[in-house]
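The values are calculated or read from the model by the stated rules, or taken from the named source; none is laboratory data. The model shown is predicted, which means the values in this text are computed figures rather than measured ones. Because the Cβ atoms are built from the backbone with ideal geometry, glycine has one as well, and the counts that use them run over all protein chains shown. SASA here: full protein model, heavy atoms, side chains in, ligands and nucleic acids out. Shrake-Rupley method; radii C 1.70, N 1.55, O 1.52, S 1.80 Å.
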Amino acid sequence: MKSIVYERVGGSDVLRLVERVEPEPGPGQVRVRVAVSGVNPTDWKVRRGALGSSLPPTGQVPNQDGAGTVDAVGEGVDPARVGQRVWIWEAAWQRADGTAQEAIVLPARQAVPLPPAASFDLGASLGIPALTAHRALTVHPDGPSVLGPSALAGRTVLVAGGAGAVGHAAIELARWAGANVVSTVSSPRKAALASAAGAHHVVNYRTPDAAEAIRKTAPDGVDMVVEVDPVVNAELNQQVIAPNGVVAIYADTSGSQLTVPLRAHMFANTRLQFVLVYTMPDAAKRQAIGDVSAAVAAGALRAGEDAGLPVQRFPLTETAAAHDAVEGGAVGKVLIDVRHDGRSKPPASR
Ligand SMILES: NC(=O)c1ccc[n+]([C@@H]2O[C@H](COP(=O)([O-])OP(=O)(O)OC[C@H]3O[C@@H](n4cnc5c(N)ncnc54)[C@H](OP(=O)(O)O)[C@@H]3O)[C@@H](O)[C@H]2O)c1
């Protein structure tokens, strides 16, 4: 089978196409024929050495997310899973095997049934973005910890960067859960994408009256902020956060040191909550996987330009170009077509 691998950290030129023997699933594992591999910023950051330069002796296959079809199961896994379409999460986290290869063996729980109407494109877009968004939307001290219709009714959620992959998932999940959804963007094109994803109100965060515009849509303030750029947005967040509100910070886009006005936050009893998908509590991860699957089944999570998440595709042999596209700030989702045979041909994006 074909695999993309890197044996040292560095630029995308470290990625090589190799032939490998197809792996057999061990106890508790499934083997998935990968149809589509999803690329996230974490994939190029780790490849560049964000987690250090030591790599598995066999090299590292990149990419955490993907979708495909189970074609073999190990001992202890229900054989009825063979033939099941699945989405994959955290394939390469503390493992040598990511989804940039034709077949992958991984623990059965990391291959989640994909509802029949959902495309492999959507399946490969879920893992990192949707699980992160779910976590950010469920860390408010007054709940909910479970998302579903009406779970966020009466709440206002501010999604920073609604045209981003995580922002897109946050808008869709918050909207599905019944929240009033405000999103910030930097351009008319991104405003159109955030609206297509379902944001009720879209505000350009680069305009001087952004706080006022957000306050207009939420006079009592926003209950939750799903934050991609805490440094740049610190002042804006302080101006719009509701008493007891939460700013859920999942990225360090403009720097790794944050200065916040302590008294203002203290008086409002706000909470700054940090979010990292890999290390979030296991119970929260399990809940997120279940809720994300339910949202997919309900048609609430979608991919494609019409849904506000344009897709850019690359063949497996051009994985380096796919990584470069994400590193260069591609708008929407970057996907890699791994294998398109009779079984894995994706239906139209949803
Ligand atoms: N902690 C975690 O578990 C976790 C999980 C997933 C991703 N991440 C990290 O989160 C970041 C985003 O990931 P992604 O996949 O969503 O990337 P993405 O698709 O590139 O989206 C990032 C979005 O943020 C917007 N943005 C940048 N500065 C902004 C600001 N000041 N206010 C509002 N929006 C702003 C960008 O648009 P404009 O620049 O045009 O505004 C872009 O639309 C990456 O750094 C990634 O590594 C962390």
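Of note:
- Percentage relative contact order, segment 1-90, counting C-alpha pairs under 8 Å, at least six apart: 34
- Accessible area of the chain belonging to carbon and sulfur atoms, whole % at 1.4 Å probe: 53
- For the chain, the pair-distance distribution built from all alpha carbon pairs, in bins 20 Å wide starting at 0, is 32, 56, 12, 0 percent.
- Per principal axis, descending, Cα span of segment 127-189 in whole Å: 33, 25, 19
- Cross-link check: pairs Lys45/Lys285; Lys190/Lys333; Lys216/Lys333 evaluated at a Cα-Cα cut-off of 24 Å; pairs beyond the cut-off: Lys216/Lys333.
- Fully extending the segment from Arg263 to Lys2 would add 88.3 nm, taking 0.36 nm per residue of separation and subtracting the current Cα-Cα distance.
- Per principal axis, descending, Cα span of segment 187-297 in whole Å: 39, 34, 28
- Relative contact order [Cα under 8 Å, 6+ residues apart], segment 228-342, whole percent: 18
- Acute angle (nearest 10 degrees) that the helix 230-240 long axis makes with the longest principal axis of the chain, alpha-carbon atoms: 40
- Rotationally averaged projected area of segment 46-95 (alpha carbon convex hull; nm²): 4.5
- Paramagnetic reach from Ala96 (point 7 Å along Cα→Cβ, amide N under 20 Å) across segment 295-333: none
- Relative contact order (%) - criterion: Cα under 8 Å, at least six apart; region: the chain: 19
- Residues of segment 151-165 with amide N under 16 Å of the 7 Å Cα→Cβ point at Arg206: 161-164
- One decimal place: the segment Ala330-Lys216 gains 37.9 nm when fully extended, by the rule 0.36 nm per residue minus the C-alpha distance.
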